[in-house]
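Below is one structure, written out as structure tokens; comments come after it.
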Amino acid sequence: MGLLSKKDAKLITDPLADNNPITIQVLGICSALAITAELKASIVMAISVIFVLALGNVVISLIRNIIPSKIRIIVQLVIAAALVIIVDQILKAFAYELSKTLSVFVGLIITNCIIMGRFEAFALANGPWKSFLDGIGNSAGYGIILIIVGFFRELLGSGTLLGIKVLGDAIEKTGVYAYGYENNGFMLLAPMALITIGIIIWVQRSRNTALIEHN
Amino acid sequence: MEHIELFFKAIFIDNMVFATFLGMCSYLAVSKKVATAVGLGAAVIFVMAITVPLNWLLDVYLLKDGALAWLGPEYAQYDLSFLSFIMFIATIATMVQLVEIIVEKFSPALYNSLGIFLPLIAVNCAILGGSLFMQSREIQTLGLAFNYGVSSGIGWFLAILAIAAIREKIRYSNVPPPLRGLGITFIITGLMAIGFMSFGGMLTGGDEEEVPTKQTAIVKQVEIKKEAIDIANNEKEITE
């Protein structure tokens, strides 16, 4: 990391693990769960959030001194909404099928708590470059969880990854299916996303016991 | 009949939290005590009852393809639906602010119990999600839109009430330390969502020959959950 000072690098690496937006800060779960049945949708969602959060953080940080604090929530929402409209139109133009799968969840990036949380907690108090790094770091942390969940749900649920049949053909009984393996259709249903994230939290907190909650 | 059907569908089958995972952030953050959960839930019902019909009017008279026809025939070809995110969220944010001011002026008691939750609600995904689902499911009339807002709000209220009650009790249980707090809440919510899936057949069982035509008119099935179930069913058929 020759380009970045140690402090700047920490802005990116911290949210990837020990300060992850989803598993530790409990932000942005709303849209994280519903779209993770396929790996492809998760990746696209992660990229969209990286785009919106990084740019939004920069814009907020640039105008942070002229936003009247009373109406800042509306200003933040409008900036987020404008960026999300760009993402939505791009998806509709270049990946129409995928934008149908994501349906309203692209729009819901606006109210994704990560966006508001980082605007409020970081971009309003820091310069544009730092805010940009913070945006990248946090949205990447969000994206990693999304991709992990998407990976397991697609692999165990339909035996494919990005639509490629990695476990063999379920109908012609090739690959592992020849040995009596069955797809677990349950993984594709919404509740399993919650349980998968619960398990990720479990693994993460057993590895780093400092994160355990006491109450 | 349409109203009753939509009411139960929005509360149980398409429950905001368990079927579409909307409003999860505040659902997880404010569900530690039953009393606060009730306050937030009531505020959500209240705001959704106002914003969903309002956004329905916006959608029908301003944003939809050809919605501007009432201005004159030359405006009929405009389609402003790409603006719907920004319009909806602006409506919600201003309505929340307005409601806060009005409630503070006329009912200080209500303000004291709901007030602190109102700003939280502007960024609650359930509110925007309610409006967006209202748009994508093509709800037909203003009355139905109001009904949809109220009943989705009630569904969310029920969910947060249930999880808050469970979390108050689970404090006395011996949960593995790494799962305490957030982890176990996720897993419980997952199990509750599986339970709520059993409501799925509630409105289709028995009178299937008349319901589907009505439902396809009212509800366009563009939902991920349903697609996932379809895929799962297909898989099952294939493997069988």
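What follows draws every value from the coordinates through simple rules; no lab data is involved. Fair warning: this is a prediction, and the values are worked out from it, not measured in the lab. Here the Cβ positions follow ideal geometry from the backbone for every residue, glycine too, while neighbour counts run over all protein chains shown.
Going by amide H atoms built from the backbone, whose H comes under 5 Å of the H on A:Ile22, apart from near neighbours?
Answer set, sorted by chain and number: A:Leu27.
Taking each residue of B:22-29 in turn, how many C-beta atoms of other protein chains fall within 10 Å of its C-beta, and what is the average?
Taking the mean over all residues of the peptide, I get 6.
For the range B:1-103, state which trypsin sites (Lys or Arg not before Pro) are in a DSSP loop and have at most 13 other beta carbons lying within 10 Å of their beta carbon.
In loop regions of the range B:1-103 (DSSP not H, G, I, E or B), the sparsely surrounded trypsin sites (Lys or Arg not before Pro) are B:Lys33.
Let me check I've understood the local charge: for B:Tyr75, count other residues with C-beta under 14 angstrom from its C-beta, Lys and Arg +1, Asp and Glu -1. What total comes out? Let's see the in-between values first.
Details: positive: B:Lys64; negative: B:Asp65, B:Glu74, B:Asp79.
Overall, the nearby charge balance is -2.
Through the Karplus equation 6.51 cos²θ - 1.76 cosθ + 1.60, θ set to phi - 60°, convert the phi angles of the range B:161-177 into ³J(HN,Hα) values in whole Hz; use x for Gly and Pro.
Result, ordered by residue: 5, 4, 5, 5, 5, 5, 5, 5, 7, 5, 4, 8, 9, 9, 8, x, x Hz.
Would you pull out the residues with amide H under 5 Å of A:Leu161's amide H, same chain only if 5 or more places away, H placed 1.01 Å from N?
A:Val166
Is there a simple number for the mean count of other chain Cβ atoms within 10 Å of the Cβ of residues in A:201-210, and what is it?
What the average comes to for A:201-210 is 4.
Beyond a 31 Å Cα-Cα separation, which of these cross-linked pairs lie in this structure: A:Lys130/B:Lys169; A:Lys130/B:Lys105; A:Lys92/B:Lys9; A:Lys92/A:Lys165; A:Lys40/B:Lys169; A:Lys165/B:Lys9?
Details: A:Lys130/B:Lys169 43 Å; A:Lys130/B:Lys105 41 Å; A:Lys92/B:Lys9 29 Å; A:Lys92/A:Lys165 27 Å; A:Lys40/B:Lys169 39 Å; A:Lys165/B:Lys9 36 Å.
In this structure, A:Lys130/B:Lys169; A:Lys130/B:Lys105; A:Lys40/B:Lys169; A:Lys165/B:Lys9 lie more than 31 Å apart at Cα.
Over what distance in Å are the Cα centres of the range B:58-101 and the range B:27-54 separated?
Taking the Cα centre of the range B:27-54 as reference, the centre of the range B:58-101 is 25 Å away.
Which ³J(HN,Hα) values in Hz, rounded to whole numbers, follow from the phi angles of the range B:75-91 under the Karplus curve 6.51 cos²θ - 1.76 cosθ + 1.60, where θ = phi - 60° and Gly and Pro get x?
Listing the rounded values in order: 8, 5, 8, 6, 10, 9, 5, 5, 8, 5, 4, 5, 5, 4, 5, 5, 4 Hz.
Can you quote the Å³ per residue value for the convex hull of the Cα atoms in the range A:23-205, rounded to an integer?
121 Å³
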